[in-house]
1. Are there any pairs, at least 6 apart or on different chains, whose C-beta atoms fall under 7 Å, with the first in segment A:253-276 and in contact (Cβ under 8 Å) with a residue 24 or more places away in the chain and the second of a type in the set (Lys, Arg), and if so, which?
2. Of the conditions (1) crowded, with 23+ Cβ neighbours inside 10 Å; (2) part of a loop (DSSP other than H, G, I, E, B), A:Tyr418 satisfies every one except a single condition; which number is it?
3. So which of B:Glu33, B:Glu117 is closer than 30 Å to B:Glu133 by Cβ and either without any contact (Cβ under 8 Å) to a residue 60 or more places away in the chain or crowded, with 16+ Cβ neighbours inside 10 Å (or both)?
4. Taking only pairs six or more apart or across chains, which ones have beta-carbon atoms under 6 Å, a first residue in segment A:448-469 that is within 17 Å of A:Gly200 (Cα to Cα), and a second residue that is assigned to a loop (DSSP other than H, G, I, E, B) and of a type in the set (Ser, Thr, Tyr)?
5. Check A:Val312, A:Val304, A:Val404, A:Val340 and return the single one that is more than 18 Å from the chain's Cα centre (by Cα), aliphatic (A, V, I, L, M) and under 24 Å from A:His278 (Cα atoms).
6. Hey, which of the strands (runs of 3 or more DSSP E) in segment A:8-102, taking only ones fully inside, have at least 1 residues that are crowded, with 22+ Cβ neighbours inside 10 Å?
7. Please work out which one of (1) surrounded by 21 or more Cβ atoms within 10 Å (Cβ to Cβ); (2) β-branched (Val, Ile, Thr); (3) within 26 Å of A:Phe564 (Cβ to Cβ) is the condition A:Thr433 fails and give its number.
8. Please work out which one of (1) more than 18 Å from the chain's Cα centre (by Cα); (2) hydroxyl-bearing (Ser, Thr, Tyr); (3) surrounded by 19 or more Cβ atoms within 10 Å (Cβ to Cβ) is the condition A:Thr380 fails and give its number.
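The values are calculated or read from the model by the stated rules, or taken from the named source; none is laboratory data. Given the structure is predicted, the values throughout are model-derived calculations rather than measurements. For neighbour counting, all protein chains shown are included, and Cβ atoms are generated from backbone atoms with ideal geometry for every residue, glycine included.
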Amino acid sequence: MPRGYAGKFLDVDLSRGTVKDTTFDDSILRSYVGGRGLAAKILWDRLGDRWNTVDPVGPDNIFTALTGPMTGIYPGARICCSGKSPQSNGIIGSTCSGEFPSELKCTGYDGVIVSGKASSPVYILVTDDKGEIRDASRIWGKEALEMTKILTKEVRDELKRRTPFAANCEPGFIYCGPAGESRVRTAAVMQKLAHAAGYGGYGAVMGSKNLKAIVAKGTKPMPDVMSPSTVNILREKVEEGIITTRDRMRRWGTGYGGWEVAARSSSEPVRSWQDEWHDERAFGGDKFDAKYWVKRYWSDFNCVTGCLKLAVIKAGPLKGAITDNPDYELQAFLGPNLGVFDPGECIYLAALMDSLGFSGINGPNTLAFVGELYQREILTHDDLGFELEWGDVKAFERLARMIVRREGIGDVLAEGTYRAALKISQMKGVDVTPFAVHVKGVEIGAHGTRSGLDMNPIGYACSVQGGDHTSRVVDAYTDMQSVYQDSAVYCSFCTFDPNLVWEFHRALTGWDVTKEEWYTTLGPRIIHIQRAAELIGGPDITWDPAKDDDNPPRYYEPLPSGPFKGKTTDRAVVQELKREYYKAIGWDEKGIPKTETLQRLGLDDVDRVLRRIRK
Amino acid sequence: MLVPGVEIPHLCAQCSDYPCVASCPTKALSVSERTSAVLVDNEKCISCGKCIEACPGKVPFLHPATKKALICDLCDGDPECVKACQKANFDAIWLVREPQVGFGGLSHKLFARTPEEVTKDVAINLYGEKGEELI
């Protein structure tokens, strides 16, 4: 059995109600590692031939929640959720942190693969070497806090009944919120109230399968590693490195960015990306810090960075909201991007997004898109049923709840920004797609390209994860580190020395994987499967690389204010970088992977399917 | 202490654009190359108070005896206040070592606020609605 792995995967078919164990050859695990890589492999093997007909929110899709060998051993454990993405129709690896992945590995499973669709709401309970499907009607439709309370109690009671003298029966779980249940394409897979795997919209995939949650409680030890003493030394090195050099991250997380990224690098979305600069000092991290933070560190198990802070609104009209203090992304999207410049209001909206199970990046992007259409009088009071001015927290809350209930216009907006834009263009007879900020259906993270100080020009355009800001493309190699992080599944904020992880990987698994091999063969292999899935897409939307390997139109409008006023992304530069990237990674000038590249990587089956679109 | 229990240390935030230095009519203030802290040349200081007006947090003050401007010089890179706080294990003040990454480091200027302002926030954080009454 390979080291670092629990050794088997739980394969659940919800249509038939069957649960079985499945394993993969060592050679597959060595190549694809786990998480994003292994998910791409599983999805391609099982769905590749009929990829264009699989509806992401239909029963044919497969939902995977996988760990990797580093999970739970390297600091910062995460779970990687994947499947055919309801946003991009491709494969996206989306991770979130919490105790679930460590618990899962302690049950003896490395991951859960869910196919089919249950006839009524269910959740999957994973205990030592055993998986079972259980009724979830009691928690279906409930918002996060209530759901967490009921589910935790139910599972604890059940586990205590089975083993009366067990020491600890507190489970870890991932779940989808009400947004996921309504198959909202911007719904996240959630964990611990406020942790979300947002990109990709896998909350909708869970919801479409009537799968409310996956719960794990393990009592077995973590898997053996090849060289415990080396792993211990490396682990201490990483932890010490983080503790002694990451003071800023440990003190504030990324929650100091709400003012900073806008004012200093002009790359924070403001009012649906119409601007990327503001100088509202009231929105600085220190204001969140003094008034709302109640806990300096809120770490998940096994994390020494502790970038999470807990925030509570203790007074005023929005009193009572509790969430993890918005990190930079949520500060941006639930702050300036909705015209909100008050930390309290931002925290209130963040708590709402978490409670409803929206992705804090994708969901608010859609809200801001509607805000802009209202500003331009394309959508009016008649369409919405209320006024929607920038900065009106209660109105945006109402809109978010409409989307979750799929009421009126909410039904259109639940399909995500791009699909909603297509529909609204049809309804209104005005082309509103230039206002939709997305790349391949995935709404973009809060890092603009226009000032030139933040995201590089093709960072999103050429990424196989669409608008994902954590998987940015600079040249043919830069993305490979994120592919590794998502595949070995650990937190990028716990990466102290990127070169150290390869030593860690070798000591852990005993495999002689080197950085060179990963960057030239193993990483590209995963990228190419993701690329193929993305190119074939379907059934509702397919992407044309000539048109869609690009930034949204908004990114080519000049910045209207601030120190970088007038500056914008250069189309010629984007085209040039794109050509260079295609050439370097081995794609033809149309952006389709070349046959010889795929053969070199041993992906003949991918080549066979791509032949269909390669004319 | 403006509200019982809410103690706000009033310290120089080390702004990166140095409004105090820019405001000095006699160029008595300069920036240390080694520590980036503000240094006062007592010979040149005319006690005009311009630096105090310029400071967003109103941190500098005039020495009661000499009437010369007093601004935190970070004790030449090893601040005594931090040492005292750490020695006592209060851990309320500590050094945040800052690698030059991202957009050039944290925006210190945001933290240049008067204790009155910060007290309002912290009082609510500590006491909730009761804090509003106490202010």
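1. Pairs found: A:Gly253/A:Lys309; A:Gly255/A:Lys309; A:Trp259/A:Arg281; A:Trp273/A:Arg554; A:Glu276/A:Arg450.
2. (2)
3. Values: B:Glu33 fails: closer than 30 Å to B:Glu133 by Cβ.
Exactly one residue qualifies, and that residue is B:Glu117.
4. Going by the 6 Å Cβ cut-off, the qualifying pairs are A:Ser463/A:Ser471; A:Gln465/A:Ser471; A:Gly466/A:Ser88; A:Gly467/A:Tyr460; A:Asp468/A:Tyr199.
5. Values: A:Val312 fails: under 24 Å from A:His278 (Cα atoms); A:Val304 fails: under 24 Å from A:His278 (Cα atoms); A:Val404 fails: under 24 Å from A:His278 (Cα atoms).
One residue alone meets the criteria, A:Val340.
6. On the way: elements: A:8-13, A:18-22, A:62-66, A:78-82, A:94-97.
Ranges flagged: A:8-13, A:62-66, A:78-82, A:94-97.
7. (1)
8. (3)
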